[in-house]
Amino acid sequence: MRTAVTLVEMIIVVAVVALLAAMVVVAARSIDNQAKEKGAEGLFSVLGGALEEYYDFTGTFPPQAGTNPSENSEALYFKLRSIPDSRRILEKIDNSLIKDEDDYGIVDTPEIYDPWGTALDYQYVVGDSFPKLISAGPDRDFDKADDNITNR
Ligand SMILES: [Ca+2]
Ligand SMILES: [Ca+2]
């Protein structure tokens, strides 16, 4: 007659529960990343509209500030804010994505962040048909470009 589960049975139950928990975490993370990807695409479409308004008003796109994404993001926000029609479009961006984490050249100007919390990069070389907006993606690393998201 049995009075208790064996140690082996216990280990199997714990392993199965741990496996199920891990699967739930992976699935939840994937759903979360899909939602954030949509958020990044929405952000790019809003910024694309603001860039078009900027171009209509000035005849050019905002210059790229330098090589540091955060600095580029801050300078882009500053430039887009300076044109009334662009500024109006910027107001559609969720407040959680507009943060002033540091001064990268322009004091007290916020930067634009992707849904994972990394400042966007903004690249524009005179002659380009349209500027490039880049999110570092879920891994928050621009150098690992597999999961990066761009507007073109
Ligand atoms: Ca800043
Ligand atoms: Ca990346």
> Conditions: (1) of a type in the set (Gly, Ala, Ser); (2) part of a helix (DSSP H, G or I); (3) touching a helix residue (DSSP H, G or I) at 6+ places or on another chain (Cβ under 8 Å). Residue 105 meets all but one. Number of the miss?
Replying inline: (2)
>> Test of understanding: among 50, 119, 65, which residue is of a type in the set (Gly, Ala, Ser) and within 16 Å of ligand 2 (Cβ to nearest atom)?
In response: 119
> Restricting attention to segment 129-152, which residues are within 14 Å of ligand 2 (Cβ to nearest atom) and surrounded by fewer than 19 Cβ atoms within 10 Å (Cβ to Cβ)?
Replying inline: 139, 140, 141, 142, 143, 144, 145, 146, 147, 148, 150
>> Condition first: more than 14 Å from residue 68 (Cα to Cα) and either basic (Lys, Arg) or not in a loop (DSSP other than H, G, I, E, B) (or both). Now tell me which residues in segment 108-122 satisfy that.
In response: none
> From the residues in segment 59-93 that are over 19 Å from the mean Cα position of the chain (by Cα) and outside any loop (DSSP other than H, G, I, E, B), which one is surrounded by the fewest Cβ atoms within 10 Å (Cβ to Cβ)?
Replying inline: 84
>> With the structure loaded, tell me whether residue 105 is surrounded by 13 or more Cβ atoms within 10 Å (Cβ to Cβ) and within 16 Å of ligand 2 (Cβ to nearest atom) or whether it fails that test.
In response: no
> Picking from 59, 42, which residue would you name as being within 23 Å of residue 137 (Cα to Cα) and modelled with pLDDT of 95 or more?
Replying inline: 42
> For residues in segment 115-125 being in contact (Cβ under 8 Å) with a residue 60 or more places away in the chain and farther than 14 Å from residue 76 by Cα, which is surrounded by the fewest Cβ atoms within 10 Å (Cβ to Cβ)?
Replying inline: 116
>> Quick check on my filter: what residues within segment 90-131 are under 20 Å from residue 52 (Cα atoms) and basic (Lys, Arg)?
In response: 92
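The values are calculated or read from the model by the stated rules, or taken from the named source; none is laboratory data. Everything numeric here is computed off the predicted structure, so don't read it as measured data. Ideal geometry is used to build each Cβ from the backbone, glycine not excepted, and the neighbour counts take in all protein chains shown.
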